[in-house]
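Before any comments, here is the structure.
A short reminder: the numbers here are calculations on the coordinates, not readings from a lab. It should be emphasised that the depicted structure is a prediction, and the values quoted were computed from it without experimental measurement. For neighbour counting, all protein chains shown are included, and Cβ atoms are generated from backbone atoms with ideal geometry for every residue, glycine included.
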Amino acid sequence: MIVPKPVGAVQSGAGDGGLRSEVTGERSAKFEFEQKWKIEGVVSKEVKAKLDRCKSLLSRKYPRGVDYEILFGELSELFLERLDPERKKEREKEREANEKHRAGQADGGKHTEPFMHRRE
């Protein structure tokens, strides 16, 4: 069972305690916070081998290394792209639009200049 636990916020900002405005010269403390979740679980060696293989396949896309956050993000995206009903509807709409576009070109379409062969 996977139980997500909030780990806290990761703080990023200026090292001098704030950012200096280019216009007024005043300092302001502007920080961005990103919430992270800790997920722990136990898997069999077969599942671990599959995850390692997935990490290996992703190493070309991420040459600096693939951590589990990247891996699970990519796996989630693939899963949702294939099985999410909402995304399936979007793909069907795109497919229908492409078919209509192709049909318009096939029946005379909107070509402004016909292709002509040069005879010599």
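Structural remarks
- Rounded to the nearest 0.05, the FRET efficiency derived from the C-beta distance between LYS50 and LEU80 at R0 = 25 Å is 0.85.
- Whole-Hz couplings from phi, Karplus 6.51/-1.76/1.60, listed for segment 74-81; x for Gly and Pro: 5, 5, 4, 5, 4, 4, 5, 4
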